[in-house]
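The structure appears below as structure tokens.
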């Protein structure tokens, strides 16, 4: 009965979304306030209906209701409760329900927190948001219904994919979807502005918090996915340039460009057309990511579905929304004339360069991700594009971006003098060169990766500090009174610097050791003595584990006692590798137990990974920067309140 209620409320949500898509849009065109006012309550009702539907599906997973096909395929009575709950979105149908739930949440939030928005703009934004909802609710109901019943329910389920039974994967998809779907708000604002034929500073002020929230969630989601891959897959890497990893990374890059571009629109009323285009592309790349994950065109441990028919449906959604938005963009290009002018050397120019680098970097990732598919379809050739291509093609753009970021952030608007702008950054330059030289001195090989990466990371961190100090005035008197957005920007740029340092040091100084070790044997890896003390069979709640005990010491002092595992999940009949990691600020000791060998030994892989945790620590600091910026008073007060009356009745 509860499952039927969930199915009914999903159908009801589709009906409400259809009304929300049509009535407010007509009302905005005709100037009928009653019709426009319908958008807000409809958005709230749509969210409530989808929330009830999602709750019904969650109830089915928690109570192990195997009369539902989806529960049978993705759950089991012995599965821990955390993974019963995460099993709701650990599959195609449930994850799409989470997708539309978050979409409706953002639409309802625009109603709840958008009281200062002009009536017509708000009606159009919520109408466009509802159109997206109609498309994806129809997709769920007609191709991916999560509430299908089985005529003869089994006694137990087939279990969730063992790779997904992990805390990192329990929280990774919700954060990723909050980022993916959150970019729909920037898209809705962009299309609404195109319909209205008006883009100004107030519009940029309204769209920035939504974009910032989506970017922040996407940052956390990508970091959680990278962390999961690092410790769960047993390969010892943090990023594999997997197509699905790239699918989330591309909208992150475009969203970062959109954030910086919106600043120029807000402050100088320039780059209007470019900002609107970025808002369309950001959500477009989110839809491309959804298509990649669910169409079956690629093979990945992250992929949810392998159904070409569903892929065609999503491709049609992508074509309608992005194609339609780009057509409207082309028709309205003349209405987005930039007002602000600026010199070649100015903060605006630096932000333009920032945008170009981020956009081109996203395009490089896009081409590398889809080129194997294009080559197979167009040239009947099977190609593989891996890490070497991405590292060589993508890295130069990030290096240039890191160099110009502190300089652009400290430049004045409109016109600047490069010598005068660089003066506050001289200490940061000296510090960056000093740390780069230190990294060079510590390097034993000929690679320049560590010195360059460390120098760039320190340059970003010290540059962010120098900008804060300059804004605080003489002797830093106004430091505590600076807007939170300034602190947020400093945190985000510093976090990026920390990520640079972590990646450079890890890739340059990583140590790998692969050997066969017998119980009782001790071996040396980069100065650490590692003893394989025992290997035993352990029974878990829903798996069987081969667990090793490995004692790590250095110069006779115990450093860690590690327990790497090799698990087998009998229901799914699938093995997984559980690495054991001794985490530290300066290094991780990472050990993996493999298969037994004919001579009685065990395959053992050991990695010493310097600065690994700086990568995820930097990502967390970047997300914290987003949170600080969102709490800025200027985002809580009515955005562009003085300009709102003027925008309330724009010329049609």
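Please enumerate the residues belonging to segment 349-371 that are without any contact (Cβ under 8 Å) to a residue 24 or more places away in the chain and closer than 24 Å to residue 507 by Cβ. Hits for segment 349-371 are 363, 367, 371.
Would you check which residues across segment 138-179 are in a helix (DSSP H, G or I) and touching a strand residue (DSSP E or B) at 6+ places or on another chain (Cβ under 8 Å) and list them?
Applying the first criterion (in a helix (DSSP H, G or I)) to segment 138-179 yields 138-143, 162-164, 167-179.
Hits for segment 138-179 are 162, 163.
All of 434, 439 fail the test of being over 27 Å from residue 345 (Cα atoms), in the same structural domain as residue 488 (by TED's automatic domain parsing) and in contact (Cβ under 8 Å) with a residue 60 or more places away in the chain, apart from 439.
Quick one: how many residues across segment 318-344 are under 30 Å from residue 406 (Cβ atoms) and surrounded by 15 or more Cβ atoms within 10 Å (Cβ to Cβ)? Can you show your working first?
Taking segment 318-344 as the starting set, the residues that turn out to be under 30 Å from residue 406 (Cβ atoms) are 338-344.
Now narrow it down to the ones that are surrounded by 15 or more Cβ atoms within 10 Å (Cβ to Cβ): 338, 340, 342.
Total satisfying the criteria: 3.
Output the residue which, of all residues in segment 524-539 that are loosely packed, with under 15 Cβ neighbours inside 10 Å and under 28 Å from residue 614 (Cα atoms), is modelled with the lowest pLDDT. By that ranking, first place goes to 527. The condition of being surrounded by 18 or more Cβ atoms within 10 Å (Cβ to Cβ) and either over 24 Å from residue 489 (Cβ atoms) or out of contact with any helix residue (DSSP H, G or I) (no Cβ under 9 Å at 6 or more places or on another chain) (or both) holds for residue 390. Filtering 200, 166, 159 for residues that are in contact with a helix residue (DSSP H, G or I) (Cβ under 9 Å, 6 or more places away or on another chain), more than 28 Å from residue 493 (Cβ to Cβ) and either surrounded by fewer than 19 Cβ atoms within 10 Å (Cβ to Cβ) or assigned by TED's automatic domain parsing to the domain that holds residue 580 (or both) leaves a single hit, 166. Within the option set 51, 56, being closer than 19 Å to residue 137 by Cα and more than 27 Å from the chain's Cα centre (by Cα) holds for one residue only, 56.
Number of residues in segment 571-590 that are surrounded by fewer than 15 Cβ atoms within 10 Å (Cβ to Cβ) and touching a strand residue (DSSP E or B) at 6+ places or on another chain (Cβ under 7 Å): the value is 2.
Could you please find all residues in segment 414-465 being over 26 Å from residue 612 (Cα atoms) and either part of a loop (DSSP other than H, G, I, E, B) or touching a strand residue (DSSP E or B) at 6+ places or on another chain (Cβ under 8 Å) (or both)? Walk me through it before giving the result.
Let us first name the residues in segment 414-465 that are over 26 Å from residue 612 (Cα atoms), namely 414-427.
Result: 414, 415, 416, 417.
Can we say residue 97 is within 24 Å of residue 79 (Cβ to Cβ) and either under 24 Å from the mean Cα position of the chain (by Cα) or in a helix (DSSP H, G or I) (or both)? Walk me through it before giving the result.
On the way: within 24 Å of residue 79 (Cβ to Cβ): yes; either under 24 Å from the mean Cα position of the chain (by Cα) or in a helix (DSSP H, G or I) (or both): yes.
In short, yes.
The condition of being at positive phi and touching a residue at least 60 places away in the same chain (Cβ under 8 Å) holds for only one of 625, 600, that being 600.
Inspect segment 591-609 for any residue being part of a helix (DSSP H, G or I) and in contact with a strand residue (DSSP E or B) (Cβ under 7 Å, 6 or more places away or on another chain) and give the result as yes or no. If you could, list the steps in order and put the result at the bottom.
Taking segment 591-609 first, the residues part of a helix (DSSP H, G or I) are none.
The answer is no; no qualifying residue exists.
Of the residues making up segment 422-455, those that are buried (at least 20 other Cβ atoms within 10 Å of the Cβ) and out of contact with any helix residue (DSSP H, G or I) (no Cβ under 6 Å at 6 or more places or on another chain) number 0.
Does at least one position in segment 2-20 carry a residue that is assigned by TED's automatic domain parsing to the domain that holds residue 114, touching a strand residue (DSSP E or B) at 6+ places or on another chain (Cβ under 8 Å) and over 18 Å from residue 188 (Cα atoms)? First the steps, then the outcome.
The first filter runs over segment 2-20 and keeps only residues assigned by TED's automatic domain parsing to the domain that holds residue 114, leaving 2-20.
After this cut, where a residue has to be touching a strand residue (DSSP E or B) at 6+ places or on another chain (Cβ under 8 Å) as well, the list is 3.
When the remaining residues are screened for being over 18 Å from residue 188 (Cα atoms), the result is 3.
Yes, segment 2-20 has at least one match.
When the residues of segment 100-118 are filtered to those that are part of a helix (DSSP H, G or I) and out of contact with any helix residue (DSSP H, G or I) (no Cβ under 8 Å at 6 or more places or on another chain), which remaining residue is surrounded by the fewest Cβ atoms within 10 Å (Cβ to Cβ)? Looking at the filtered set, the residue picked out is 113.
The values are calculated or read from the model by the stated rules, or taken from the named source; none is laboratory data. Keep in mind that what you see is a predicted model, and the values were worked out from it rather than measured. For neighbour counting, all protein chains shown are included, and Cβ atoms are generated from backbone atoms with ideal geometry for every residue, glycine included.
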